[in-house]
Each structure stands twice: as C-alpha cells, then as structure tokens.
Amino acid sequence: MYNSEIKFNITLDELRIPEKISFDAPDGAVKNQETKAVMLALWDDVKKEALKIDLWTKEMTIDDMKKFCHQVLISMSATYKRATNDDATHDKMLEFAQEFAESSGILTEE
C-alpha cells in the first residue's frame, strides 16, 4: 500500500485572513506552489453531506474569482459525468456554467 499527501500552507494576517496560500503535492512534483484561492470539497460518508473549505487571499481579484468559479463549475460537470455517466445532467450543468459566464460578465473579457 502507498500513501500520498497533499499539504497546504496558509499564512494568515492578524485577523486570520489568508495572506498567502501554497501547497506541496510530491506525487505531482509540486513544491511550494503559490495560489490565490482554494476550494476543497470532501464527502462525509456518515452524515452523507459535503464538507468544504473555501479560502482566498486578499490579492485574489473579483474578476479572477469569477473565472475560477466558472472553471470549477466546468470541472465539476466533467467529474459528475465521469462518475455517473449521466449525460443529460452533465449537459445541464454545462448550460448553467455558460449562463454563469454570461451573467458574471467573464465572456466579454475573452
């Protein structure tokens, strides 16, 4: 059996607001990679509910957050399709992601 680890390092200011976020993922050859935002979702099998951690630094712009959320929606739809083979719901999720992109204004930037 092999154990793998992903480690996050969060530097907080005096009000406990993230100033810096970095992570290590040795299996992916990632060491001290800086990032401005993290969305981590975990499944609690006992309570049958999602647990989540959302963090972003003071430097994360609103425009970048909109793009990040849009890309997470697209990625989530791909994960859903891969896990369920439910093409119809996958397509609806992608439609919503498109609507999100339009209503948030990120399409006009591309």
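The values are calculated or read from the model by the stated rules, or taken from the named source; none is laboratory data. These numbers were taken from a predicted model, which means no experiment stands behind them. Using ideal geometry, Cβ is built from the backbone for each residue, glycine included, and neighbour counts are taken over all protein chains shown. SASA here: full protein model, heavy atoms, side chains in, ligands and nucleic acids out. Shrake-Rupley method; radii C 1.70, N 1.55, O 1.52, S 1.80 Å.
Things to note:
- Residue in the range 27-43 that is under 10 Å from the mean Cα position of the chain (by Cα), open to solvent by 60 Å² or more (accessible area, probe 1.4 Å) and not hydrophobic (A, V, I, L, M, F, W, C) present: no
- When the criteria are applied in full, ILE74 fails the requirement of being out of contact with any helix residue (DSSP H, G or I) (no Cβ under 6 Å at 6 or more places or on another chain) and either of a type outside the set (Phe, Trp, Tyr) or part of a loop (DSSP other than H, G, I, E, B) (or both).
- Restricting attention to the range 89-105, the residues that are loosely packed, with under 15 Cβ neighbours inside 10 Å and either of a type in the set (S, T, N, Q) or not in a helix (DSSP H, G or I) (or both) add up to 4.
- Those residues of the range 44-53 which are touching a residue at least 12 places away in the same chain (Cβ under 8 Å) and surrounded by 10 or more Cβ atoms within 10 Å (Cβ to Cβ), in sequence order: ILE53
- Answer residue from the range 7-33, given it is in contact (Cβ under 8 Å) with a residue 24 or more places away in the chain and in a strand (DSSP E or B) and is farthest from THR61 (Cα to Cα) among those: PHE8
- Every condition in (1) under 18 Å from MET76 (Cα atoms); (2) surrounded by 10 or more Cβ atoms within 10 Å (Cβ to Cβ) holds for MET60 except the one numbered (1).
- Tally of residues being more than 13 Å from the chain's Cα centre (by Cα) and open to solvent by less than 70 Å² (accessible area, probe 1.4 Å) across the range 64-88: 4
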